[in-house]
Amino acid sequence: MTLLSRIVFALLVVAAVGAFFVAQRLKTSSPVVQGFEISSPIFSPNGDGRLDRERVSFRLKRSETVDVAVVNEQGDAVRELASGLSLKAYGRSPVLTWDGRQDDGRVAPDGRYRIRVTLRREGRSIVVRQSFLLDDTPPKVTVRSVGPTRGPGPELITRPGRQQARIRWRPGVRYGRLLVFRTSPKPVRLVYERPLGGRTTKALWDGRTSSGRPAGAGTYLAVVERRDRAGVAGTSTPLDAGGLPKLPYGRTLEGQAGIVIQPVGVVPPLVATPAGRRVGIGVAAGGQRYRWSMGRLGGRAQKKGTASRAVVEVAPSAENSGIFLFTATQGSARAGAPFAVDDRRTNPVLVVIPVISWQGRNPADGDGDGRPDLLEDGLGAGLRRPLVTRLPAGFASSEQPVAAWLSRNRKRFDITTDYAIARKLPPLLEGHSGVLLAGRTSWLPAAAQVRLRRFVRSGGTLVEVAPDSLQRTVTLRGSAQLTRPLPPSTTDLFGSAIERRTGEFTVTNSRDSIDLFGGTEGLFRGYTQIEETVSPGRGKVLASAVTDDGRVVVVALRVGRGTVIRFGLPELPSRLASDPDAQGLMERSWQLMSR
């Protein structure tokens, strides 16, 4: 070994021995960073006011100027908390707060974090051993079922306070709440809440509000809230900023959390019943007794009684076709279901009642997810759900006054439903010269639209009495399931562009080549809503009545070899009992349909 090699080796030995003694001294000496404190071992920067920030403080063994930063598990800095902070020996630092955000403003990923203290004078950094957890992910919880009734669909409570719905969920909840929201009728609101704990997986609700009063008839959604150690809340159904369930367009809710409080509901026939023939009317009353009656709309009851069974058989008697009403009552609750009765004769005019649209607006939960199945919300709907209101939505302002006018003027007609047209069930469109849409025929399956269009183009006359008709499609699956409802189109099935407007309107006859306004003064006063025909499409205008600024409202169009008459005045049907101009327009339209 050369002299140089011996010298280098000796220096290395001396350095190693020195480093050993320095390391031993550091191990036995007190740490530079002392008294380190954190506000919580876990926090959640989600803005809910619970453990949203982590607060740290510490002391130094000697005076020093430091930089303080938050580092992740890989040792990378994610947020600087202090720079150039001067601390005196053994003096506690100011409380430094981290809101969970990185230097770029984004919330840091979930995980463990530590504090790094950089000693500027010594030129070294110390990462404090004690860590804390950032947890911003809501815990999952799912409502599996609501019983005791088994099977699909919501749990039915007919007597709040006397029956209990059993709600089950997974996983168990150590800290949380049970929330019950009424989703229909609107507005959506919280009606009941109670704390949950002990890792429970089930709870009972007896249909009463938090104040102990019976909840009203409607559709209810059970939501389970579960909080983790960081205070982060997860819910079985997402809630919005106001704490109410998010009800996205066109999407059902996850889980089976639906409860229906409904003493009674009625399931009407989907097609016209021949006069004198027995037909079963479904009644949903949870096995409880109810009173029922059946008769022509606006007339005396032909049959009535009490029952507890799920189906009541009736045989409506009628010399003329018409709309009949079956009503079921339990206590103060009442549900009514109109249905068509045909006199089995052949008449020129076919009246159509919109059972598809009735069900499309029926605020009933058929699948048990806790929200009503409404076509206007983009959801599918079953056609055999019980109607849960006294009359279908809009019925009193369209079908009811039209039916009263037909009866008062002793009009003879055949009657059917939009469902029957879609299924091509009798009475058929063929063999009739006119079709009267007696109510808001909002949603129609493609097959029904094709048949109505063909009927008009072949020479028939179609009259639309009510607004919001023939502008939306829906798919009819199987025998009784509506799916894929579409929002209103800008044009109807004949290509006319239609826009609804509100204000104060007087509508005046401007042209008339078919004597549509012959039985009127040609003037319709005092209307607050109109449907303007912005464009007739490929149709030729035969007659029209317009507003003062020229907007086309009442219109008759030549389409193919036939005629489409659109009243365009949503309030007109309700004036048929007293307004001579409304009566005259209806009478002349009937004459045009009958020839």
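Laboratory data are not the source of any read-out in this text; all were calculated from the coordinates shown. Quick caveat, the model's predicted, so the values are computed rather than measured. Glycine also receives a Cβ, built like all others from the backbone with ideal geometry; neighbour counts cover every protein chain displayed.
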What spacing in nm lies between the two simple spin-label points modelled at Arg300 and Phe36, each 7 Å away from Cα in the Cβ direction? 9.2 nm
Between Thr441 and residues 5 or more places away or on another chain, the pairs with built amide H atoms under 5 Å apart involve Leu470
Which FRET efficiency value, to the nearest 0.05, is calculated for Ala393 and Arg199 with the Förster distance at 30 angstrom and r the Cβ-Cβ distance? 0.10
The equivalent-ellipsoid semi-axes of the chain, taken as the square roots of five times the Cα gyration tensor eigenvalues and listed largest first in whole Å, are 74, 30, 20
Kindly write out, for the stretch 253-266 in residue order, the coupling ³J(HN,Hα) from the Karplus curve 6.51 cos²θ - 1.76 cosθ + 1.60 (θ = phi - 60°), rounded to whole Hz, with x marking Gly and Pro. 8, 6, x, 10, 10, x, 10, 10, 9, 8, x, 7, x, 10
Label-zone membership for the stretch 377-401, site Leu425, 7 angstrom Cα→C-beta point, backbone N under 15 Å: 383-385
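Relative contact order of the stretch 122-240: what whole-number percent is it, with Cα pairs under 8 angstrom and at least 6 residues apart?
31 percent
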What ranking of Arg129, Arg423 emerges when the number of other C-beta atoms within 10 Å of each C-beta is taken as an exposure proxy, fewest first? Arg129, Arg423
When Asp110, Asp135, Asp515 are arranged by how many other beta-carbons sit within 10 Å of their Cβ, fewest first, they go Asp515, Asp110, Asp135
Using DSSP, restrict attention to beta bridges with both residues in the chain and report what percent are antiparallel, rounded to the nearest 5. 85 percent
Listed by chain and number, the residues whose amide H is under 5 Å from that of Ile353, excluding neighbours fewer than 5 places away on the same chain and using placed H, are Thr416, Thr417, Asp418
Determine, for Glu73, Glu37, Glu587, the number of other Cβ atoms within 10 Å of each Cβ, and report the residues in order from fewest to most. Glu73, Glu37, Glu587
Given the C-alpha centroids of the stretch 254-307 and the stretch 416-468, what is the distance between them in whole angstrom? 26 Å
Dipole magnitude of the chain, debye to nearest 20 (Cβ charges: Lys/Arg +1, Asp/Glu -1, about Cα centre): 2160 debye
List the residue ranges in the chain for DSSP H helices whose C-alpha atoms run 15 angstrom or more along the long axis and whose Kyte-Doolittle average is 1.0 or above. 3-28
Say R0 is 45 Å: what FRET efficiency, to the nearest 0.05, do Ala89 and Ser210 get from their beta-carbon distance? 0.20
Derived scalar couplings ³J(HN,Hα) [the stretch 33-46; Karplus, 6.51 cos²θ - 1.76 cosθ + 1.60; whole Hz; x for Gly, Pro]: 8, 10, x, 5, 10, 10, 6, 7, x, 8, 8, 9, x, 10
As straight-line cross-link partners of Lys186, the qualifying lysines (C-alpha separation under 16 Å, not fewer than 8 residues apart within one chain) are Lys246
Cα-based reach from Lys61 at 21 Å (exclusive), listing lysines while leaving out same-chain residues under 8 positions away: Lys27, Lys88
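In nm, what is the difference between 0.36 nm times the number of residues separating Ile514 and Glu319 and their Cα-Cα distance?
Net length gain for the segment: 66.9 nm.
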